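**Q** Dropping the structure in here first, questions after.
The values are calculated or read from the model by the stated rules, or taken from the named source; none is laboratory data. Note that this is a predicted model, so its numbers are computed, not measured. Reconstructed Cβ throughout: ideal geometry from the backbone, glycine too, with neighbour counts over all protein chains shown. The protein model used for the area step is the full one, side chains on, heavy atoms only, and it has no ligands, DNA or RNA in it. Shrake-Rupley method; radii C 1.70, N 1.55, O 1.52, S 1.80 Å.
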Amino acid sequence: MYKALMTLKAAGSLTSHHPSNRTGNLVFSTASSLLQHWPNTRYRNGHTIVPGTIPVGTLLYRGADTPEIPHTPDWVAMDTEHSTIYCKGSQETGCWHLTFAVTRPLKIIYFDGSSAVKLEGGPMDAQDIIAWSRARPDRLFDEERRIHDLCTWGAEYAVDGFVRMEIDFEVMLCDFSSGVEVVSVLNIEGLGIRHELPPAIPDDAKSLLRAFEIRHAGSWHDHHPGDGRIVLDYPGLISFYDTNLAPSLVPFRSGIERWDQRAGLISPTDAKKVKERLEDILRRPALAVSGVDWKTLFQVIIDRYSNRIELLLYLLTSVPQDLNCATRVQTQLRVMLTPYILQSTVATKVHDVNAMNAWAGPVFRQCASSYPSSVATLRAVMTPSERLLLQALEEVTHEICRVTTKMWASGIRARLESSEELPPPDHVHELMEEWKEEMLNLTNWLDWNTWVKCNPTCGFEEMCYLPSWPPGLPLPLPGEEDILAFSGSQSDEWRRPQPKCIRRFEPYGF
């Protein structure tokens, strides 16, 4: 039955676009970017909540002004470059740095995006919905209450902590007497770092060095596989882009760029559904899943198509639009579709679009169903989260295959693969303009973070950087803390961060 359903889905017209109300591209993009610093810096407003674990033996770090082990919920860092900036103390007395080791798998909940960024506009929405059932911008800096209420709620489900990200990843640990043991408590040299709220770009050399090195540590987790010290439970993933779970958010995304979409606009009814879904997931037996490795499966799609799509876009936008370029594009399209071009596929010279659909349809269907069909037979044992991921996989592969098959078939109709009759230059130009529009629409819709990079590539003494909070962020003026309340270049750089090369030595160039 499923194969018949996939055939119907993939048999749609090659000229029809994806429905505007579908969110498969957004679910795919967020799910394939979890625990990766780069994409979650680019889109700070998180839309995903995922349970997971921190494995035994993982080291966690805490900088402090005393050697005492916290008796209440508190924060630990995943990297020492992050923890040491909280090691408060003078250069005369030094400061305290604590290291903990995980002694049993810690049960955590991860909020994606830059969920530790304390600015209005959406970064903290998801955790506020869990802690307080709605976004609370009035409690933006009320971190003590936030961690207390999250841990109080999570205690019923044996949740040990919550993972968030700003410049690097951190853990809000609920109980330092359970699941972790002290490895060391060291009185290290004082770093002389200034601490300010709200944070500002420091102007002294020591603080600038540490501000850069935190970002450097965060960059270790920029791309796939992300921070591997946290293992996520993809069958328990909750997405605010799930239109069945959170339909109230649909109108708030209409005409709104992804930078400005936020989970906090959810209705009270849907917020309750999200929280109840998470509670059900936390009660779920560990083995009640399909066994599909969703993280790897999504990355396989990105590995196979990302570089080729980027090359196609380059050819269509950056080199002379002539027959030679068109032939190169056609060759790449054929390479992408090679596993799906059947021996029985016969191209027609008829210029009717329906005829093109008829002979190119089998290629389209084989391409679109190849990856989803490998796991779709497990649909009956999938969790609701897994069915959402499967739907995202179907929509993304369907659109990639629709566009590439249509372009390839158009190239054949234009005689780009003919050894006898070459197309006239005006036809080539017209075809390449059509291809360019198709490819731009596809890349904008997919919006994969693999295409967001410094161009030209940074030098050895540089690193590619996205403006992140707090160092490097053009902060609003007092009274303008809402990032949507101020305009101009600062607002644009914050809301739409673009990659740039910064130095790894002074002057850094945040």
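**Q** Run down 282, 297 and say which single residue is under 24 Å from residue 235 (Cα atoms) and in contact with a strand residue (DSSP E or B) (Cβ under 7 Å, 6 or more places away or on another chain). Full working, then the answer.
**A** On the way: 297 fails: in contact with a strand residue (DSSP E or B) (Cβ under 7 Å, 6 or more places away or on another chain).
When all the criteria are applied, what remains is 282.
**Q** Can residue 226 be described as open to solvent by 60 Å² or more (accessible area, probe 1.4 Å), assigned to a loop (DSSP other than H, G, I, E, B), small (Gly, Ala, Ser) and under 26 Å from residue 400 (Cα atoms)?
**A** Considered against the rule, which asks whether it is open to solvent by 60 Å² or more (accessible area, probe 1.4 Å), assigned to a loop (DSSP other than H, G, I, E, B), small (Gly, Ala, Ser) and under 26 Å from residue 400 (Cα atoms), residue 226 comes out as no.
**Q** Something else: Just give me the residues in the range 149-181 being part of a strand (DSSP E or B) and open to solvent by less than 70 Å² (accessible area, probe 1.4 Å), in sequence order.
**A** 161, 162, 163, 164, 165, 169, 170, 171, 172, 173, 180
**Q** Moving on. Yes or no: residue 327 hydroxyl-bearing (Ser, Thr, Tyr), in contact (Cβ under 8 Å) with a residue 60 or more places away in the chain, farther than 19 Å from residue 381 by Cβ and touching a helix residue (DSSP H, G or I) at 6+ places or on another chain (Cβ under 8 Å)?
**A** Answer is no for this residue.
Each row is one residue, and each column tells you yes or no for (1) modelled with pLDDT under 90; (2) under 27 Å from residue 68 (Cβ atoms); (3) small (Gly, Ala, Ser).
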position: 83; (1), (2), (3): no, yes, yes
position: 89; (1), (2), (3): yes, yes, yes
position: 92; (1), (2), (3): yes, yes, no
position: 97; (1), (2), (3): no, yes, no
position: 103; (1), (2), (3): no, yes, no
position: 111; (1), (2), (3): no, no, no
position: 118; (1), (2), (3): yes, yes, no
position: 124; (1), (2), (3): no, no, no
position: 128; (1), (2), (3): no, no, no
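**Q** Check residue 283 against each of (1) surrounded by 15 or more Cβ atoms within 10 Å (Cβ to Cβ); (2) basic (Lys, Arg); (3) over 23 Å from residue 391 (Cβ atoms) and name the one condition it does not meet.
**A** Looking at each condition in turn, residue 283 falls short on (1).
**Q** Can you work out which of the residues in the range 254-280 that are modelled with pLDDT under 95 and loosely packed, with under 14 Cβ neighbours inside 10 Å is nearest to residue 32 (Cα to Cα)?
**A** By that ranking, first place goes to 257.
**Q** Still on this structure: Can you name every residue in the range 70-98 that is touching a helix residue (DSSP H, G or I) at 6+ places or on another chain (Cβ under 7 Å), part of a loop (DSSP other than H, G, I, E, B) and surrounded by 22 or more Cβ atoms within 10 Å (Cβ to Cβ)?
**A** If the condition is that a residue be touching a helix residue (DSSP H, G or I) at 6+ places or on another chain (Cβ under 7 Å), part of a loop (DSSP other than H, G, I, E, B) and surrounded by 22 or more Cβ atoms within 10 Å (Cβ to Cβ), then 79 is the only one that fits.
**Q** Quick one: count up the residues across the range 445-465 that are open to solvent by less than 100 Å² (accessible area, probe 1.4 Å) and β-branched (Val, Ile, Thr).
**A** So the answer is 2.
**Q** Now for a different question. Output yes when any residue across the range 502-510 is modelled with pLDDT of 90 or more, on the phi < 0 side of the Ramachandran plot and of a type outside the set (A, V, I, L, M, F, W, C), and no when none is.
**A** Yes, the conditions are met somewhere in the range 502-510.
**Q** Continuing with the same structure: Any idea which residue in the range 415-472 is farthest from residue 309 (Cα to Cα), counting only those that are of a type in the set (D, E, K, R) and in a helix (DSSP H, G or I)?
**A** Residue satisfying both the conditions and the ranking: 426.
**Q** Here is a list: 106, 34. Which entry is open to solvent by less than 20 Å² (accessible area, probe 1.4 Å) and farther than 25 Å from residue 118 by Cα?
**A** 106
Okay, residues lined up against (1) without any contact (Cβ under 8 Å) to a residue 40 or more places away in the chain; (2) open to solvent by less than 40 Å² (accessible area, probe 1.4 Å); (3) in contact with a Ser or Thr (Cβ under 9 Å, 6 or more places away or on another chain); (4) among the aromatic types (Phe, Trp, Tyr):
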residue	(1), (2), (3), (4)
383	no, yes, yes, no
395	no, yes, yes, no
398	no, no, yes, no
402	no, yes, yes, no
407	no, yes, no, no
422	no, no, no, no
439	no, yes, yes, no
442	no, yes, yes, no
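**Q** If you don't mind, there's one more thing I want to ask. Answer with yes or no whether residue 417 is more than 26 Å from residue 238 (Cβ to Cβ) and without any contact (Cβ under 8 Å) to a residue 12 or more places away in the chain. First the steps, then the outcome.
**A** Numbers: more than 26 Å from residue 238 (Cβ to Cβ): yes; without any contact (Cβ under 8 Å) to a residue 12 or more places away in the chain: no.
No: the conditions fail for residue 417.
**Q** In addition: Just to be sure, is residue 315 at pLDDT 95 or above and touching a strand residue (DSSP E or B) at 6+ places or on another chain (Cβ under 9 Å)?
**A** Answer is no for this residue.
**Q** Would you pick out the residues in the range 268-322 that are closer than 29 Å to residue 399 by Cα, in contact with a helix residue (DSSP H, G or I) (Cβ under 9 Å, 6 or more places away or on another chain), among the hydrophobic types (A, V, I, L, M, F, W, C) and in a helix (DSSP H, G or I)?
**A** 274, 294, 297, 298, 301, 302, 309, 311, 312, 313, 315, 316
**Q** Quick check on my filter: what residues within the range 286-306 are of a type in the set (D, E, K, R) and open to solvent by 70 Å² or more (accessible area, probe 1.4 Å)?
**A** Those that are of a type in the set (D, E, K, R) and open to solvent by 70 Å² or more (accessible area, probe 1.4 Å): 293, 303.
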